[in-house]
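Down below is the structure, laid out as structure tokens.
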Amino acid sequence: MKHFDPLLLQGLPYKNGEVDYGRLRFYNMIFAMMRISGAISILLGFVLMASHTHQNNAFLRNFNPYAHYVGLVLFVVFCVMFGLLMLHFLSLKIKDTKQSLKLLTPYHQSIKIKLSRFFQVLSILFFCVLFAALGFMYAGFFIFHIALLAIPKIKAIYADDDLLYAEFCISLGLVSIGLYPIKNDENLYYCEFTFSQSTIPMKVQQIVRCLCQDNYLVKYRTFGFARNIDSKELIESLNHRAILQDKIPNAQNTKIDRREL
């Protein structure tokens, strides 16, 4: 859920002309609860596996019943919260637009994207076989499926005379779920950098909500892309509200010196 926040699709919350930090903290709390419940459910799944492979361990054997039920409850909590967020997100979908739309993000296929997609498919097949063998008692492991298949990502960005529109997709970018308006205000930025902490450096492209605090841009939740795009027209459309690594070496940080833009 790190790169998907339907609560900020229509901009940051405001109250009396100022950013409502109380609502932002509430949003953060919702996502933190969802991540924590999911992470603990997955962790308890590994505890259950360990209890079956180390049956002579008294602690794991005594902890086994609690791990099963607590993990299942936390998995249900995660699914309910994720389902409510998705219902809110889907309610923002538009059926048609009054004007013709211009595509701002031409698609660039690359060998890295193809390899990434291939390994994602292998991961899904692996987890399917694993869960079929383990059974539903390891409910937390199904969160991997949700993360890979159900979290929406941006497939393309379009524009008319007034608004920006994002076409979102799920299932590794194979299934489109329609167009959604994005509020194009001063808090909307495009961010692009190379994620160097992975074994194979990957190009990261995001739509980001930012706030200016003491001459620094602070990134809030981001919207990730499902595939690599040509960002030139999008950057021009955003009036150069762009955080690019070729200009800002620390572009992947959450706090950027605004004077570097």
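Structural remarks
- Helix-only CD estimate at 222 nm, as mean residue ellipticity for the chain, using -39500 (n - 2.57) per DSSP H run (n ≥ 4): -14000 deg cm²/dmol
- Degrees, to the nearest 10: 58-91 long Cα axis against longest axis of the chain: 30
- Burial ordering of 208, 121, fewest other beta-carbon atoms within 10 Å first: 121, 208
- Amide H contacts of residue 182 (H built 1.01 Å from N, under 5 Å, at least 5 apart or other chain): 164, 165, 166
- Simple spin-label estimate for residue 29 and residue 58 in nanometres, 7 Å along Cα-Cβ: 4.2
- Pairs with C-alpha atoms separated by more than 27 Å, drawn from the list 203/255; 183/203; 98/219; 15/183; 15/95, are 98/219; 15/95.
- Placed amide H near residue 245: partners under 5 Å, 5+ positions off or other chain: 192
- Angle in degrees between helix 111-134 and the longest Cα principal axis of the chain, rounded to the nearest 10: 30
- Formal net charge of residues neighbouring residue 99 (Cβ-Cβ distance under 12 Å; K, R +1; D, E -1): -2
- Cβ-based net charge around residue 175, under 12 Å, with every Lys or Arg adding one and every Asp or Glu removing one: +1
- Which of 179, 74 has the fewest Cβ neighbours within 10 Å, and the rest in rising order: 179, 74
- Phi to ³J(HN,Hα) by Karplus 6.51 cos²θ - 1.76 cosθ + 1.60 over region 164-174, Hz, x for Gly, Pro: 9, 10, 10, 8, 9, 9, 10, 6, 6, x, 8
- Residue exposure proxy: 8, 172, ordered by other Cβ atoms within 10 angstrom of their Cβ from fewest to most, comes out as 172, 8.
- Long-range HN-HN contacts of residue 204 with modeled amide H, under 5 Å: 193, 194, 195
- Largest GNM mean-square fluctuation across 22, 11, 45, computed for the chain with C-alpha springs under 10 Å, falls on 22.
- Region 172-261, relative contact order in percent, only Cα pairs under 8 angstrom and at least six apart counted: 30
- Folded to 0 to 90 degrees: helix 21-53 orientation relative to the chain principal axis, Cα: 30
- Average Cα contact separation per residue, the chain, under 8 Å, 6 or more apart, as relative contact order %: 21
- Part-to-part distance (alpha-carbon centres) for region 160-182 and region 39-90, which is given in Å: 33
Bear in mind that the values in this text are calculations on the coordinates, not laboratory data. Please read these numbers as outputs of a predicted model, since none were measured by experiment. Neighbour counts are summed over all protein chains in view; Cβ atoms, including those assigned to glycine, are modelled from backbone coordinates with ideal geometry.
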